[in-house]
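Notes follow once the structure below has been shown.
Every read-out reported here was derived from the displayed coordinates using simple, explicitly stated rules and does not represent laboratory data. As the structure is a computational prediction, the values presented were derived from the model and not from experiment. Methodologically, a virtual Cβ is constructed for each residue, glycine included, from the backbone with ideal geometry; neighbour enumeration extends over all protein chains shown.
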Amino acid sequence: MLILLIVLVALVVVAASATLVVTGRRRRSALPPDRTRAPLRGDTTTREAPAPGQAPTRAPPVEVPSLDAPPGDVEVVEVEPSEAEVAPEPEAEVLVRPRFRDRLGKARSLFAGYLGAVRSRDKIDVVTWDELEEALILADVGVDVTSTLLDALRARVRAEGITTPDALVDALKADLIAMFKGDRTLHLDKTLTNVWLFVGVNGVGKTTTIGKIGLRQAQDGHRVVMAAGDTFRAAAADQLALWATRVGAELVRGNEGGDPAAVIFDAVAHAAAKGAELVLADTAGRLHNKVNLMEELKKVRRVADREPGHVSEVLLVIDATTGQNGLIQAAQFAAAVGVTGVVLTKLDGTAKGGIAVAICAQLGIPIKLVGLGEGAGDLVEFDPTEFVEALFEEI
């Protein structure tokens, strides 16, 4: 029995060994005849199988440049873009005119409380007149102008038999609109080399105003030259240069600390030679009570008006937030250089919009442009009716 068991185990071992041998042969027969490695991705080198008895050849090693090695001479070739790659010409800036009512929120808020109280009354009484007076003075119309305005309004109430507060408010609106007299046109004669001279104290926004006006005039088809006459503020000429690039205007500038009159004279000569119609001349900000600086401004005005130049506008730039100080500035500059119009900046940022009334009523200088925001399109022509309607509109 034991012998029979040993024989059976031996047969099983022999059968298993035979099976392993057959399996190994099948695996070897499944391998490809050429067991050289498949080319790596990106390797396009063709390798031939070695001849019988010849050692296999290896591909030459790829030279990898050292990251620390200095770069060799590199030739930069500028490739002309195809028609499909050429970027379109930039379109002209679209200047969207803002509405007064959308930008005079602070001034309207001041008036709204007083006008609401006036309209809520059943009749016109002493309190009504006091509320109107307080509203006008707080808006920086000025004490003298307010007194003159209300005296004329009282006479009108008696003459026309006005009895209701609503009719009184309407009469006040009409009187305010009538106070804005004068020529609000920006004069430009195409047959001359026009000079628009910009004057004012420091920080009112003269240079920015020039840039915005230049953009408007260029879009209207006028050729513009900008004169960097502010030679005392280091960044003034650079700031004007940015605007000139944006506008497509030519810039004439001088040395820092140089004679501003000479810069403006050169700009006029350059404009005449190039056939440009308009020179926008910047000047350094100066305090209106500094006699020597105002004398220098008079010289600039005289030089700018020499042939071939013609000063057709002297624009005084006033910051609306300065209130009654702006009125004093206007008087001094008007006496020195003959101001033809006012540019009232930052009108959207103040509740003291009444300074516009005071300038026109006391000095007779028309307001030609007003700033209603920071954008290039926010410098707009002054419209008295739209201005007053915006102030009196109910919130």
Fill in: Cα-Cα over 23 Å, subset of K181/K212; K190/K368; K181/K290; K190/K274
K181/K212; K181/K290
Response to the item:
From the Cα centre of the range 356-395 to that of the range 282-348, the distance in Å is 19 Å
Worksheet item: Using a cut-off of 26 Å between alpha-carbon atoms, which lysines can reach K123, once sequence neighbours fewer than 8 places away in the same chain are excluded?
Response: K173
Worksheet entry | Long-range HN-HN contacts of V311 with modeled amide H, under 5 Å | V195
Discussion item. Normalised radius of gyration for the range 100-179, please: alpha carbon Rg relative to 2.2 N^0.38 Å, two decimal places.
Written reply: 1.06
Practice prompt. Be a star and scan the range 268-297 for residues whose amide nitrogen sits under 14 Å from the point 7 Å along the Cα-to-Cβ vector of D259.
Written response: 296-297
Worksheet item: So, in nm, how far is label E381 from label R101 when the simple model puts each one 7 Å beyond its Cα toward the Cβ?
Response: 2.1 nm
Worksheet entry | At most 14 other Cβ within 10 Å, DSSP loop - GluC sites (Glu not before Pro), the range 193-286 | E256
Worksheet item: How much FRET efficiency would the formula 1/(1 + (r/R0)^6) give for D170 and D238, where r is the Cβ-Cβ distance and R0 is 51 Å, rounded to 0.05?
Response: 0.50
Fill in: Of every Cα-Cα pair in the range 288-330, the percent that sits beyond 11 Å
72 percent
Worksheet item: Taking Cα centroids, how far is the range 244-262 from the range 189-213 in Å?
Response: 12 Å
Worksheet entry | V94-R158 pseudo-label distance in nm [points 7 Å out on the Cα-to-Cβ vector] | 5.6 nm
Discussion item. Whole percent per 10 Å bin, from 0 to the bin with the longest distance: what is P(r) over all C-alpha pairs of the range 208-330?
Written reply: 13, 44, 35, 9, 0
Worksheet entry | R0 of 22 Å, Cβ-Cβ distance E295-N325: FRET efficiency to nearest 0.05 | 0.50
Worksheet entry | Positive-end residue, the range 109-166 charge dipole about Cα centroid, Cβ charges, pick of S120, T148, I162 | I162
Worksheet entry | Of the trypsin sites (Lys or Arg not before Pro) in the range 259-320, those whose Cβ has at most 16 other Cβ within 10 Å and which sit in DSSP loop | K290, R306
Worksheet entry | In the range 130-183, the trypsin sites (Lys or Arg not before Pro) that fall in loop regions by DSSP, at most 15 other Cβ within 10 Å | K181
Practice prompt. With a Förster radius of 22 Å, plug the Cβ-Cβ distance of E394 and K181 into 1/(1 + (r/R0)^6) and report the FRET value to the nearest 0.05.
Written response: 0.20
Worksheet item: Which value, in debye to the nearest 20, gives the size of the charge dipole of the range 193-339 about its Cα centre, when Lys and Arg are +1 and Asp and Glu are -1 at the Cβ?
Response: 140 debye
Discussion item. Regarding the range 236-395, what's the average projected area of the Cα-atom convex hull, expressed in nm²?
Written reply: 10.4 nm²
